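Single-structure report; data block below.
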Amino acid sequence: MTSLHNRHIKPLIFAGLTGDNWGLEEYVKRGGYASLKRILSEGMTPDQVIAEVKASTLRGRGGAGFPSGLKWSFMPKNFAGQKYLVCNSDEGEPGTFKDRDILRYNPHSVIEGMTIAAYAMGVSVGYNYIHGEIFAEYDRFEEALEQARAAGFLGDNILGSAHSFQLHAFHGFGAYICGEETALLESLEGKKGQPRFKPPFPASYGLYGKPTTINNTETFAAVPFIFQVGAEAYAALGKPNNGGTKIFSVSGDVERPGNYEIPLGTPFAELLKLAGGVRGGKKLKAVIPGGSSVPVVKGDLMMATDMDYDSVAKAGSMLGSGAVIVMDETRCMVKALLRLSYFYFEESCGQCTPCREGTGWLYRMVHRIENGQGRPEDIDMLNSVADNIQGRTICALGDAAAMPVRAMIQQFREEFVYHIEHKHCLVPAYI
Ligand SMILES: Cc1cc2nc3c(=O)[nH]c(=O)nc-3n(C[C@H](O)[C@H](O)[C@H](O)COP(=O)(O)O)c2cc1C
Ligand code: SF4
């Protein structure tokens, strides 16, 4: 298993995990289900629970960083019909591999977090949509659900209270687009996983057209700890408006790739140190700090940046899902962009023209530059195509395809020019 190596930084979700202590008994020994018990036995009202989550400054860990307590407050309170709660364990973004570790090593934290959320929003049915290409984690989550039901933490009248919550696991279809919340809902309904127009947002028109709240796996997993340590203490772990810990999936050119749970606001330099530094002692060239869809940041700037939503935004990028892709001085940015643009071309669901056609154009242009057939006008054309995708599509996959292109050209234009002029890579020339 991959987890935190530094004893000075205390993780929450990954605390005390050994790889084989994922079960209910061990979770309870670690303080698990105490938050749910306390909420139900002390008679905390749903509004009080939402107020605590707001005070914790927890922000959604799925990509956009939207304040979770605020999202929960959007659920209609007095809706007469069925409302739904959905966990997004689709995790398909290149570089992101944290949610599968949570499901595998601490599944009860997700179940407890969802049960608390369901109580706060008056929801009695929930689903966890798990990426279709991961099997062991799906089986593990099913097993954990069985354990929770048998112990009375799920089902009818949980722990003798009036709160009932039926939670089910759903194995998805392995498409990146099914991670987009409305495509996920379509897929959960048994339809083709294609995003819906927003508005209406899921809180008013969600699963089967009913009010629905969707959060990321890590978001739900964090909830029990907010009530264990207290909302203020949780918030104080991070920076203002960036509360708590965050799991970063560090990959690429580092000595020890893996998942690292650290307080939000920890300097990137410290995270890099935890991951063993740049592999082979090479120089840091660039970092994609939040998954493949966010703008690349030059190494020097990243070394002066803290890992929280606001600081990474100031550096011109986004914290996204927390997937940190580290690139050393030997990496060719044209080649890196080729890999990224192929991914978005391949994963576009095809509903809107700018995304369906534009992602193909981007890929083909980067492909010809990389293969020594680039034309001088290609760089401006890449920017122009990206401009014509961004903000003109049904869902954010279009933006996700366009942003890396613009950022790569802005930060590393000389490499694109060199490729076009010399018909090969600039990188070997300076290592
Ligand atoms: C193309 C695309 C893919 C996405 N994939 C995921 C994903 O795999 N997991 C996830 O939690 N959110 C993903 N999101 C974001 C979700 O739409 C949604 O914002 C998120 O699940 C909300 O949870 P949060 O508020 O806890 O972050 C994706 C968004 C887009 C546009
Ligand atoms: S932006 Fe792309 S992925 Fe999103 S709905 Fe349009 S075609 Fe589909």
- Task: Could you pull out every one of the helices (runs of 4 or more DSSP H) wholly within region 31-100 that has 2 or more residues that are under 22 Å from the mean Cα position of the chain (by Cα) and in contact (Cβ under 8 Å) with a residue 60 or more places away in the chain?
- Result: 46-55, 68-73
- Message: Considering only residues that are more than 19 Å from the chain's Cα centre (by Cα) and of a type in the set (D, E, K, R), which ones fall in region 141-194?
- Response: 142, 143, 146, 149, 156, 186, 189, 191, 192
- Query: When region 268-301 is examined, which residues are found to be in contact with a Pro (Cβ under 8 Å, 6 or more places away or on another chain) and closer than 21 Å to residue 335 by Cα?
  - Reply: 288, 291, 292, 293, 294, 295, 296, 297
- Message: For the structure I just gave you, tell me whether residue 219 is within 18 Å of residue 35 (Cβ to Cβ), open to solvent by less than 10 Å² (accessible area, probe 1.4 Å) and either of a type in the set (S, T, N, Q) or at pLDDT below 95 (or both).
- Response: yes
- Query: What is the number of the single condition among (1) farther than 28 Å from residue 43 by Cα; (2) within 12 Å of ligand 1 (Cβ to nearest atom); (3) at pLDDT 95 or above that residue 128 does not meet?
  - Reply: (1)
- Task: Check residue 206 against each of (1) open to solvent by 10 Å² or more (accessible area, probe 1.4 Å); (2) touching a residue at least 40 places away in the same chain (Cβ under 8 Å) and name the one condition it does not meet.
- Result: (1)
- Item | Filtered residues of region 176-189 (kept if open to solvent by 20 Å² or more (accessible area, probe 1.4 Å) and near ligand 2 (Cβ under 10 Å from one of its atoms)) | 176, 180
- Is there a residue being within 16 Å of ligand 2 (Cβ to nearest atom), buried (at least 19 other Cβ atoms within 10 Å of the Cβ) and among the basic types (Lys, Arg) anywhere in region 190-200? yes
- Do we have residue 92 as crowded, with 23+ Cβ neighbours inside 10 Å and under 26 Å from residue 396 (Cβ atoms) here? no
- Using the structure shown, decide if residue 146 is more than 16 Å from ligand 2 (Cβ to nearest atom), closer than 16 Å to residue 68 by Cα and either of a type in the set (D, E, K, R) or out of contact with any helix residue (DSSP H, G or I) (no Cβ under 6 Å at 6 or more places or on another chain) (or both). no
- Note on the structure: Checked region 34-89 for anything of a type in the set (Asp, Glu), surrounded by fewer than 20 Cβ atoms within 10 Å (Cβ to Cβ) and at pLDDT 95 or above; matches are 47
- Output the qualifying pairs, or none if there are none: Cβ atoms under 9 angstrom, residues six or more apart or on different chains, first residue in region 255-276 and part of a loop (DSSP other than H, G, I, E, B), second residue open to solvent by less than 50 Å² (accessible area, probe 1.4 Å) and aromatic (Phe, Trp, Tyr). 264/309; 275/248; 275/260
- Among residues of region 377-431 being within 16 Å of ligand 1 (Cβ to nearest atom) and among the charged types (D, E, K, R), the residue most open to solvent (accessible area, probe 1.4 Å) is 392
- Query: From the list 409, 389, which residue is without any contact (Cβ under 8 Å) to a residue 40 or more places away in the chain, closer than 18 Å to residue 289 by Cα and not acidic (Asp, Glu)?
  - Reply: 409
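The values are calculated or read from the model by the stated rules, or taken from the named source; none is laboratory data. Since the structure is predicted, the reported quantities are computational estimates derived from the model, not experimental observations. Positions of Cβ are generated from backbone atoms using ideal geometry, with glycine treated the same way; all protein chains shown enter the neighbour counts. The accessibility values were calculated without ligands, DNA or RNA, using every heavy atom of the protein model including side chains. Shrake-Rupley method; radii C 1.70, N 1.55, O 1.52, S 1.80 Å.
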